[in-house]
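Single-structure report; data block below.
The values are calculated or read from the model by the stated rules, or taken from the named source; none is laboratory data. Computed from a predicted structure; not experimentally measured. With ideal geometry, Cβ positions are generated from the backbone for all residues, glycine too; neighbour counts draw on all protein chains shown.
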Amino acid sequence: MLFAGESPILNHMTDTVNLTNQFIIAMPALDDPNFYHSVTYICEHSEHGALGLMINRVTDISLGEVLSQMDLEWPQQDLADRMVLLGGPIDPERGFILHSPVGDWDSSIRITDELALTTSLDILEAISSGYEPDRLLIALGYAGWGAGQLEQEMADNAWLSAPADMKILFDLPLEDRWEAAVRSVGVDLTHLSNDVGHG
């Protein structure tokens, strides 16, 4: 499991905002099995492309297992039992931690004043030693788009966009997140569901 070192995508941050700190919500007609009914939090969006984490898919790996694989001590039990999310189909061995507060870590990007995405091992070492961020989401893999690709998919109506909601991002049960994200932009779910057969 790879946490040490920087992700190449994280090295290309610019001041371009676009969909950064937004949800993109898969439309029912998006039949890619990797993204069907997914909600993805966009951590970075610039002229170089976009990076996001799906927030409603789960792996069968717990945080305690991740720490054990790295020969780190388990934190308190509720954190150790927390399941790791499937952040996306790209680089599924790489770990990403979305957290608040931002802190000061070796390889980290500040998304907002309250949220950062970290890929370095030092945050896991801190968690193992008892540090508990106010908000924490751990994922393996990410969703990525090349330059202009996400913009084209948005133009093709593959995704809805919505302002990120911290309750949806961190608190809601995974199975409720797609519907809650759709409702947050006032879209009629019945109408959406009728646009495509059940997948």
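Per the conditions (1) out of contact with any helix residue (DSSP H, G or I) (no Cβ under 7 Å at 6 or more places or on another chain); (2) in contact (Cβ under 8 Å) with a residue 40 or more places away in the chain; (3) closer than 18 Å to R177 by Cβ, the sole criterion not satisfied by L137 is (1). Here H99 fulfils each of the conditions (1) under 23 Å from A180 (Cα atoms); (2) part of a loop (DSSP other than H, G, I, E, B); (3) in contact with a strand residue (DSSP E or B) (Cβ under 7 Å, 6 or more places away or on another chain) apart from (2). A residue that is under 29 Å from P33 (Cβ atoms), modelled with pLDDT of 95 or more and touching a strand residue (DSSP E or B) at 6+ places or on another chain (Cβ under 9 Å) cannot be found anywhere in the stretch 72-83.
Among the numbered conditions (1) surrounded by 16 or more Cβ atoms within 10 Å (Cβ to Cβ); (2) part of a loop (DSSP other than H, G, I, E, B); (3) touching a residue at least 60 places away in the same chain (Cβ under 8 Å); (4) not aromatic (F, W, Y), the only one that G88 does not meet is (3). Counting only helices (runs of 4 or more DSSP H) that sit wholly inside the stretch 115-199, those with at least 3 residues that are modelled with pLDDT under 90 are 189-193.
On inspection, L53 qualifies as touching a Cys at 6+ places or on another chain (Cβ under 9 Å) and touching a residue at least 12 places away in the same chain (Cβ under 8 Å). The residues of the stretch 53-85 that are among the hydrophobic types (A, V, I, L, M, F, W, C) and either surrounded by fewer than 19 Cβ atoms within 10 Å (Cβ to Cβ) or within 13 Å of the chain's Cα centre (by Cα) (or both), listed by number, are L53, M54, I55, V58, I61, M70, L72, W74, A80, M83, V84, L85.
Quick grid of which residues meet (1) under 22 Å from E175 (Cβ atoms); (2) assigned to a loop (DSSP other than H, G, I, E, B):
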| position | (1), (2) |
| --- | --- |
| D31 | yes, yes |
| N34 | yes, yes |
| H37 | yes, yes |
| L53 | yes, no |
| V66 | no, no |
| E73 | no, yes |
| D78 | yes, no |
| R94 | no, no |
